[in-house]
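Read the structure below first, then the notes.
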Amino acid sequence: MAAAAADAPAEAAAIARRLASCNTGTRERAVRYLLSDFLPASAARLSATDLLKLWKGLFFCFWHADKPLYQSSVATRLASAVSAPPSPADGAAFLAAYLTTLRREWAHIDVHRLDKFYLLNRRFLHRAFLLLSVNSFAPDVTSQVVSVLSNKALLPEADNVAAGTSRGLGYHVAEAFLDELLPVLPVSLETMDALLAPFFTVLEKSTDRVMVSKVKAGVFERLLESGRRLLETVKKGDEMEKGSAEEKLGKIGLLFGFSKRFLDIGAKAETVQSNRKVVFGLRDAFVKIEKGLQLSGLEITVPKFEATEVPVPPNAGEEKAQKKKKKAKKAALAEGEMEEAKDLKREKKDKKEKKEKKKKRKVEVVDEGNTTEKSTGAPVDDQQMGDGTDGITFDETLKSNLQKQFEMAAAEAGMPKGGSSSGASPVTPASGKVATKRKRSKSADKLYEASCGDDGSEGNLLARDGEKSGKRVRFSMKNNLVWKPHNPLPLQCLRLPPSATPRGSALKKGVQPGPIAPTPLKKAKPKANSAKKVLKKQPSSAVKRLRKLQSFSA
């Protein structure tokens, strides 16, 4: 046993190093081993220093946790260690180590990671209250947990606190206290007095104005507002929803006797002078609702503790069983997906076979030689046009007539007699439909080039005759869109604007000029002669003579 006790601190240090690893797999394995094997067996042998070493690694483990779902999972598992140890003292020690570590590192948490540490703090508060609920809010266990919250978060020791660096954790505990306490309510008024004792101490001794305002708004004003709503609902004759937050907190606000408690705090000589205004303000507000309850003559039942079921974390064996179940479910899902994929493949194969059968039934046109492959299983006499009209039976006589007509047309165009059989002219299929894929063979191209003359006249004629050949031409809508009016527009509408009127050599080529619009002449405004310009003008000849005479007389 002594050797095992000596090995526990060393193993705790090794686990802390693995918890702070940069490798996600290493951290995950360390967390699993810590929560499932190490803490249940060695929690009683670990000192406060060993727990702080462990929590140094756990802090960085949670620091590296990314993605909201994974962060929530890690926070829940870490907080479950508070209620998992066999004795409540071990759970309280683990909570104290957590609060000490988080208070020390709170100033170094950046704004991007602050939300997930808020989540971690809420999960730990919830697990601390579940620990009290499991132990039926025994006075000794309740005092242990409340003292941890008071000394490590709400009222930390002055010698261990750097100036203003660790108060943020206490602010958040004051805000989240009632939210995490709600699942274990209702409790007796004596237990509630023990739970609210640290907040009364804050109003009495704390010099931090922010902490005082957080306690006032997050704890006591919420109880006051819930009590006021419950009283109004009861006076109207309505029933508050049983088990709701308003009902649970409202009963505490009405029946606890806050007015007397605040009066005692305000009358103490040790109370901080700046907090007395807050204390007496809360006292006056609670006096109003308590007198309102007395004057109404209504009776509200005193809350009592009701045991709540606490979810116990699964053991290692149960975890393995759950993993096996998950694997079996995945295998079943995989088999179902495989069967669905096979069904889809079968459907695709059936569709392909049907398409191939339809293609085989169609008449395939071949450019090499004027040959047509007719659909199998259908006689020659039954083949008809595929345009929905009355069918035309292709007999031998009709074919010979058509061949004679083609030979006559070729002779008129100057083609040789064998040109019709060279594959230059297309043959209409018996079904009237052109095959979807037609490729012009090389031999047909050579025969077509041989049949063309040097000047290209015959080739042009053949090209005109063979417009419906198998050669595909791609058209571009941008280049081939031409506007052709059905009726010619009047000439005055087609004339060019004055800015585009041709001049000079363009008029000699016969281009008609457009209408020339006369532009109105701008009237020149008479410029007013300024006094300066009048002075600058030269004197007239008469004035010059007069000046000369005046100079002579002088």
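Structural remarks
- Residue ID - farthest from Val184 (Cα to Cα), chosen from residues in the stretch 291-305 that are exposed (fewer than 10 other Cβ atoms within 10 Å of the Cβ) and of a type outside the set (Ser, Thr, Tyr): Leu295
- Residue check for Phe200: of a type outside the set (Ser, Thr, Tyr) and either surrounded by 20 or more Cβ atoms within 10 Å (Cβ to Cβ) or in a loop (DSSP other than H, G, I, E, B) (or both): no
- From Ala267, Ala245, residue being among the small types (Gly, Ala, Ser), surrounded by fewer than 16 Cβ atoms within 10 Å (Cβ to Cβ) and in contact with a helix residue (DSSP H, G or I) (Cβ under 9 Å, 6 or more places away or on another chain): Ala245
- Elements of the type helices (runs of 4 or more DSSP H) sitting completely within the stretch 7-110 and holding at least 2 residues that are under 23 Å from His172 (Cβ atoms): these cover 48-63, 68-83, 88-105.
- Residues that are out of contact with any strand residue (DSSP E or B) (no Cβ under 8 Å at 6 or more places or on another chain), over 27 Å from Pro183 (Cβ atoms) and in a helix (DSSP H, G or I) occur at least once in the stretch 220-235.
- Some residue of the stretch 153-174 being modelled with pLDDT of 90 or more, surrounded by fewer than 17 Cβ atoms within 10 Å (Cβ to Cβ), out of contact with any strand residue (DSSP E or B) (no Cβ under 9 Å at 6 or more places or on another chain) and in a helix (DSSP H, G or I): no
- Any hit, the stretch 170-188, residues being of a type in the set (Phe, Trp, Tyr) and within 35 Å of the chain's Cα centre (by Cα): yes
The values are calculated or read from the model by the stated rules, or taken from the named source; none is laboratory data. What you are looking at is a predicted structure, and each value in this text was computed from that prediction instead of being measured. Glycine gets a Cβ as well: all are built from the backbone with ideal geometry, and neighbour counts include every protein chain shown.
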